Each structure stands twice: as C-alpha cells, then as structure tokens.
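**Q** Please read through the structure below; I'll follow up with questions.
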Amino acid sequence: MLAAAQRLRRSTDFAAAVRGGRRAGRGTLVVHLSVPPISDEPAPAGSSDFPARAGFVVSKAVGNAVVRNRVRRRLRHLVRPRLDALPPGTLMVVRALPSAAAASSQTLDADLAGALAAARAPRRGRGR
C-alpha cells in the first residue's frame, strides 16, 4: 500500500498530471507524468516537502470490481519502489488498459518501466 502522502486523491491533482504532464503508453497501461520544473533558484519554503505521488485509473472496461481491484493492487505494488526515484513534487497517473486484466506481473512491470522511461525522456523535435 502507498503511504497517504504518496497518493493522489483530488481530481484536480489527477487533472494536472493528465493535462499538464507527458504521456507514454505501452501494451497494458498508459503513464501520465508531470514533473515540476527544475530551476536554479532556491525552492520556496515547504515546496520540497511534497514527495512524488501516484494515482491509478482502472475503468470498467478492464473488468468487474474484483478484477479492477486486483489490477490496481498489482500496479500499486509495482509503482511503490519507483516513486522514490522521481523528483519531489512529481505527479504520476497510471491508467490501466483492458489488456492489463490478463497480463502477467512481469508484463505489467516491463510495460510500467518502459512507459515511465519514455515519459521521463527528453522531448525530441518534430521532423518537419
């Protein structure tokens, strides 16, 4: 289970991560990651007190309540150790796709690692 300080609870936090963050998807999930800007100025007092936080979106398309809760627990277990590697103030939303219900833990782990790496990678310019 995630600590209370590491959980997204408000819809505004979910919206900030989904609308203002970077998105990367893999076969079983999509990760929305909003990393706070890095500046040379010292941070205001108390702003680094917020650890990286995560939230999960598992819709009815994934399955019934039992399946959705199982997928959410499995994802929570995989996300917990990765939160410490993210900068303070980071918001992460993991959205499970319907294929997550039948996926193995190894597949979920690989998809989460790949999507997180892609969301954290620097943006490439568009080749026009």
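**Q** Would you mind finding the one in 1, 92 that is open to solvent by 70 Å² or more (accessible area, probe 1.4 Å) and touching a residue at least 24 places away in the same chain (Cβ under 8 Å)?
**A** Just one listed residue meets the conditions, 1.
**Q** May I ask you to list the residues in the stretch 115-128 that are open to solvent by 20 Å² or more (accessible area, probe 1.4 Å) and touching a strand residue (DSSP E or B) at 6+ places or on another chain (Cβ under 9 Å)?
**A** Going residue by residue through the stretch 115-128, those that are open to solvent by 20 Å² or more (accessible area, probe 1.4 Å) are 117-118, 120-128.
Those that are open to solvent by 20 Å² or more (accessible area, probe 1.4 Å) and touching a strand residue (DSSP E or B) at 6+ places or on another chain (Cβ under 9 Å): 117, 118, 120, 121, 123.
**Q** Condition test on residue 103, is it assigned to a loop (DSSP other than H, G, I, E, B), surrounded by 16 or more Cβ atoms within 10 Å (Cβ to Cβ) and in contact (Cβ under 8 Å) with a residue 60 or more places away in the chain?
**A** So residue 103 passes the test.
**Q** Here is a follow-up. Just to be sure, is residue 71 at pLDDT 95 or above and among the aliphatic types (A, V, I, L, M)?
**A** yes
**Q** Report yes if some residue within the stretch 56-64 is open to solvent by 30 Å² or more (accessible area, probe 1.4 Å), more than 21 Å from residue 122 (Cβ to Cβ) and free of Cβ contacts under 8 Å to residues at least 24 places away in the same chain; otherwise report no.
**A** Scanning the stretch 56-64, I find at least one residue that is open to solvent by 30 Å² or more (accessible area, probe 1.4 Å), more than 21 Å from residue 122 (Cβ to Cβ) and free of Cβ contacts under 8 Å to residues at least 24 places away in the same chain, so the answer is yes.
The values are calculated or read from the model by the stated rules, or taken from the named source; none is laboratory data. Bear in mind that the values here come from a model prediction, so they are computed numbers and not experimental data. Heads up, the Cβs are rebuilt from the backbone with ideal geometry, glycines too, and the neighbour counts pull from every protein chain shown. These area figures cover heavy atoms from the full protein model, side chains too; ligands, DNA and RNA do not enter into them. Shrake-Rupley method; radii C 1.70, N 1.55, O 1.52, S 1.80 Å.
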